[in-house]
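Everything below concerns the one structure shown next.
The values are calculated or read from the model by the stated rules, or taken from the named source; none is laboratory data. Just so we're clear, the structure is a prediction, and the values are computed from it rather than from any experiment. Here the Cβ positions follow ideal geometry from the backbone for every residue, glycine too, while neighbour counts run over all protein chains shown. Protein only, heavy atoms only, side chains kept; ligands, DNA and RNA dropped before computing areas. Shrake-Rupley method; radii C 1.70, N 1.55, O 1.52, S 1.80 Å.
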Amino acid sequence: MSRAANSVFILTLFFLLSMPVSLLAEDTVCIQCHAGQEGRLAAPVAAWRTSIHAENGISCHDCHGGDPTDFAMAMSPENGFLGAPDYEGVPEFCGRCHIGVAKEYMAGAHGKALESGGAQCVTCHGNHAVQKASIDLINEKTCTQCHSYERAALIRLSLVETDTMVNKVDKDLGRLFRLGIAVDEMKGHLFQQRNRFHSIFHEVDVERVRQETSDVQGELGKIGDQILAIDASLNRRKMWGGMAVGLLLFGGIVSMLIRKSYHDEEGH
């Protein structure tokens, strides 16, 4: 490869890597075609653009299959096009990616009631405007579509404290990362506990949720202890660094005074 061609390749790669993943996800024939339609055919695109899927570069073909590069064959079953699942098939459809959540869901009250119309993924999360998983999805408006809110309120109450801990640990790790501290291992541990925590949402069992959240809090506490230890070490470094600077300044002042005194004596 010539030097000029190599430069073009590097610049192109840099440009692609610097683009938001949501913009990269838009470059499919599915988005291009449906975005140019009207009414119900265009609605999924507008909804998807507000979703956590779009934010993370998950596009139409990642869920529905097909060839996102071929206008003529994009919706061909031969190219793996799946279309939309029926009501009872939604958990399995979403569970191809959300494996742990799907397992917990199927073991819970909602999953066991699926064949009789029990809530499934789309009921709570929506289909295309899927929002980031959070306890805000447990709310009276959503839950009372199917039943009273009392049990869900108890579950939400059990989750609030853990959710606060998850967010605090995540924020603290971000702070340490910006200071140049290696936090990959702790981030991996947090990722595991966050996924476990989000799976708890789907068990719909008050006592089990309480037990599981307690266990997750214990693991988050271990990460918190590591963060505290790192902060203590950083504070000690700052203290010793401050003392060293102070001593240098003191030494400089003493040196300056001695020199001044020496010059004064010479003047006499």
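Could you give me the ³J(HN,Hα) list for segment 140-156, computed from phi with Karplus coefficients 6.51, -1.76, 1.60 and θ = phi - 60°, whole Hz, x at Gly and Pro?
With coefficients 6.51, -1.76 and 1.60, one gets 4, 4, 6, 5, 7, 5, 10, 7, 5, 8, 4, 5, 5, 5, 5, 5, 4 Hz.
Please report the net charge: other residues with Cβ closer than 12 Å to the Cβ of Asp170, K and R +1, D and E -1. Provide the component values of the computation, followed by the final result.
Working: positive: Lys168, Lys171, Arg175, Lys187, Arg194; negative: Asp163, Asp172.
My count for the surroundings of Asp170 gives +3.
Under 19 Å from a point 7 Å along the Cα-to-Cβ line of Cys33: which residues of segment 39-55 have their amide N that close?
Output list for this probe position: 39-49.
With every protein chain kept in place and ligands, DNA and RNA left out, what is the accessible area per residue of the chain? Probe 1.4 Å, answer in Å².
Details: 17680 Å² over 268 residues.
Per residue, the chain has an accessible area of 66 Å².
What is the ratio of the Cα radius of gyration of segment 52-139 to 2.2 N^0.38 Å, with N the residue count, to two decimals? Please list the in-between numbers first.
Working: Rg = 14.4 Å, N = 88, 2.2 N^0.38 = 12.1 Å.
It is 1.19.
Return, for the Cα atoms of the chain, the radius of gyration and Dmax in Å, separated by a comma.
Reported Rg and Dmax, both Å: 28.4, 107.
FRET efficiency for Val160 and Ala109, Cβ-Cβ distance as r, R0 = 30 Å, nearest 0.05? Walk me through the numbers on the way to the answer.
On the way: r = 21 Å, r/R0 = 0.70.
It comes out at approximately 0.90.
Starting at the first residue of segment 199-208, write each ³J(HN,Hα) from the Karplus equation 6.51 cos²θ - 1.76 cosθ + 1.60 with θ = phi - 60°, in whole Hz, x for Gly and Pro.
5, 4, 3, 8, 6, 6, 10, 4, 5, 5
Compute the separation of the alpha-carbon centres of segment 159-200 and segment 203-231 and state it in Å as a whole number.
A separation of 11 Å, based on Cα centres.
Taking all protein chains in place and a 1.4 Å probe, what share, in percent, of the accessible surface of the chain do carbon and sulfur account for?
Values: 10720 of 17680 Å².
On the chain, the fraction of accessible area on carbon and sulfur atoms equals 61 percent.
Where in segment 149-189 does the label zone of Leu234 land, with the point 7 angstrom along Cα→C-beta and an amide N cut-off under 12 Å?
Inside the label zone: 171-183.
Taking the Cα centre of segment 74-135 as origin, sum charge times position over the Cβ atoms of Lys and Arg (+1) and Asp and Glu (-1), and report the length of that vector in debye to the nearest 20.
Details: 4 positive and 6 negative charges, 57 e Å.
My answer is approximately 280 debye.
What net charge is computed for the residues neighbouring Val206, neighbours being all others with C-beta under 13 Å from the C-beta of Val206, Lys and Arg scored +1, Asp and Glu -1?
Details: positive: Arg151, Arg156, Arg208, Arg210; negative: Glu150, Glu203, Asp205, Glu207, Glu212.
It works out to a net charge of -1.
Can you work out ³J(HN,Hα) from phi for every residue in segment 99-116, in order, using Karplus 6.51 cos²θ - 1.76 cosθ + 1.60 and θ = phi - 60°, giving whole Hz and x for Gly and Pro?
Calculated HN-Hα couplings, in order: 5, x, 5, 4, 5, 5, 4, 5, 7, x, 4, 5, x, 5, 9, 4, 5, 9 Hz.
Quick one: putting +1 on the C-beta of Lys and Arg, -1 on the C-beta of Asp and Glu, what dipole do you get for the chain around its Cα centre, in Debye to the nearest 20? The partial results should precede the final answer.
On the way: 25 positive and 33 negative charges, 178 e Å.
So the dipole magnitude of the chain works out to roughly 860 debye.
On a 0 to 90° scale, report how tilted helix 3-18 is relative to the longest principal axis of the chain, with both axes built from alpha carbons and the result rounded to the nearest 10.
80 degrees
Using just the helices of the chain, give the 222 nm mean residue ellipticity in deg cm²/dmol: DSSP H runs with n ≥ 4 each add -39,500 (n - 2.57), and the total is spread over all residues, rounded to 500. Don't skip to the answer; put the middle values down first.
On the way: 14 runs with 179 residues, N = 268.
After summing the helix terms and dividing by residue count, I get -21000 deg cm²/dmol.
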